[in-house]
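**Q** Below is the structure I would like to discuss, written out as structure tokens.
The values are calculated or read from the model by the stated rules, or taken from the named source; none is laboratory data. Because the structure is a prediction, the values reported are computed rather than measured. Don't worry about glycine lacking a Cβ; one is built from the backbone with ideal geometry, like all the others, and counts go over all protein chains shown.
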Amino acid sequence: MAGGASRESWAFTVGGERLVLRRDPPGHVIESSRRREFALIEAAAAAGVPVPRVRWCEDDSAVLGTAFFVMDFVPGETIGRRILRDPALAPARAALPEQLAGAAARIHAMPLGALGAEPAAVASPAAAELERYESIYRAIAPDPHPALELGLRWLAARAPRRARQALVHGDFRLGNVIVGPEGLRAVIDWELAHTGDPMEDLGWLCVRSWRFGAEPPVAGLCERERLFAAYERAGGGPVDPAVVRWWEAFGNLKWAVICIMQAQTFLGGVKNVELASLGRRVAEVELELLDLMEE
Amino acid sequence: MQDRPTALELLAAVREFLEADVVPALGGRRRFHALVAANVLGIVERELRSEEEALAAEWRRLAALLGDEGPAPAGTAALRAAVRGLTAALADRIRAGEADAGPFAAAVRAHVRWAVVEKLRVAKGG
């Protein structure tokens, strides 16, 4: 199945049932656990988040080369660019802002225990996440990036000091949701879920790269105010737009670091042209970060 | 001295073949990767077309910003190494807080924006 530079998803049919197998491509540098993702999707279903039904998880990499799990196939569109442009999905685009806000509110109400053995909560998830991505960047970047250094200083000086602790999806955006004409069918790709500030998911949804060329700031779908109001109505708790703005700026820094990580995977020997090309996407994210710092 | 077509002309021929013949004939993930491959060749074409002038311009700006006296390095490889070294020095000074405020901060921001736009010109064209 297309999409997703860091995991593979394979659709297949057995006994008339359409299923999806999700696994790590062998040799990948971004480590995460399929068992944990399997358990999270089960907990999300229990919390009322639309997700595919998960069936079976295999930890033994001897079976298929790497660990994997199997879930139901959910038909629909996942490519962000098409969700924003396909005429057949116009009703979905009208409904998605409220549906995404509702799904986010339900995710943020999930029990933290669903994450398994997570590090203890910290006073400032913002400072902690910034530190995490700075150390990844320091460990892997093959080139100096003055724009990211400016971003790191700017973000550190403005990191929100306190936050409500919640379960955060960590990659909540078009591309990681399945959409039918009526709207949101499933939230997928839970591998980056963690304990954090729920505003992180709202900020990430506003990152320019996830607008796929469309104008409106929230996922290319709507203005920020509409998302925030819908999130509060759905029981997600009060939204401070300045905090979401910080997470949006941080999201650009994080996406730049992820692009560098993907390019590093290529440089480490995984010969994939998409991973290679991501090294040259860093510049557009750096420019957006510089623009956000000017505001 | 190599015969025509030049390296740039050969790259353009392969890119146009990918765009016109390969991409439309493929579907799914392979089509997407063929599109990415064509875009990557476009990046290489733009970089090769202007690399030495771009590096020389970046070196002049960095040397002025960081007060680095001396003649410009000759040749693409020496320029690349010098620009890399000065950019690393700039990154270290930003990290040390020297560009947090004041006139140096403004000059650094202007340079960094210029350098990012220069990277984008190659990465995206236009």
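Per-residue answers, yes or no, for (1) surrounded by 15 or more Cβ atoms within 10 Å (Cβ to Cβ); (2) touching a residue at least 40 places away in the same chain (Cβ under 8 Å):
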residue	(1), (2)
B:Ala82	yes, no
B:Ala88	no, no
B:Asp100	no, no
B:His111	yes, yes
B:Val117	no, no
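**Q** Right, another one. Exactly one condition in (1) touching a helix residue (DSSP H, G or I) at 6+ places or on another chain (Cβ under 8 Å); (2) closer than 15 Å to A:Val243 by Cβ is false for A:His145; which is it?
**A** Just one mismatch for A:His145, condition (2).
**Q** Here's a follow-up. Please give the number of the condition A:Gly235 fails out of (1) closer than 18 Å to A:Ala123 by Cα; (2) modelled with pLDDT of 95 or more; (3) part of a loop (DSSP other than H, G, I, E, B).
**A** Of (1) closer than 18 Å to A:Ala123 by Cα; (2) modelled with pLDDT of 95 or more; (3) part of a loop (DSSP other than H, G, I, E, B), only one is false for A:Gly235: (1).
**Q** Check off (1) facing chain A (nearest Cβ under 9 Å); (2) more than 12 Å from the chain's Cα centre (by Cα) for B:Pro71 and give me the number that stays unchecked.
**A** (1)
**Q** Just a yes or no: is a residue in segment A:237-244 within 18 Å of the chain's Cα centre (by Cα), away from chain B (no Cβ under 14 Å) and among the acidic types (Asp, Glu)?
**A** No - not one qualifying residue is present in segment A:237-244.
**Q** Hey, another quick one. Restricting to segment A:140-151, name every residue that is under 22 Å from the mean Cα position of the chain (by Cα) and surrounded by fewer than 22 Cβ atoms within 10 Å (Cβ to Cβ).
**A** A:Ile140, A:Ala141
**Q** Something else now. From the list B:Gly42, B:Gly70, pick out the single residue that is in contact (Cβ under 8 Å) with a residue 60 or more places away in the chain and over 25 Å from A:Leu150 (Cβ atoms).
**A** From the options B:Gly42, B:Gly70, the qualifying one is B:Gly42.
**Q** Also, I was wondering about something else. Among the residues of segment A:250-293, what is the count of those that are assigned to a helix (DSSP H, G or I), more than 8 Å from chain B (Cβ to nearest Cβ), within 18 Å of B:Gly125 (Cα to Cα) and not β-branched (Val, Ile, Thr)?
**A** Qualifying residue count, segment A:250-293: 2.
**Q** Same structure again: Tell me, please, whether a residue that is touching a Leu at 6+ places or on another chain (Cβ under 7 Å), among the hydrophobic types (A, V, I, L, M, F, W, C) and assigned to a helix (DSSP H, G or I) can be found in segment A:114-124.
**A** yes
**Q** Within the group B:Arg93, B:Arg80, B:Arg29, B:Arg61, which residue is at pLDDT below 95 and within 13 Å of another protein chain (Cβ to nearest Cβ)?
**A** The unique qualifying residue is B:Arg29.
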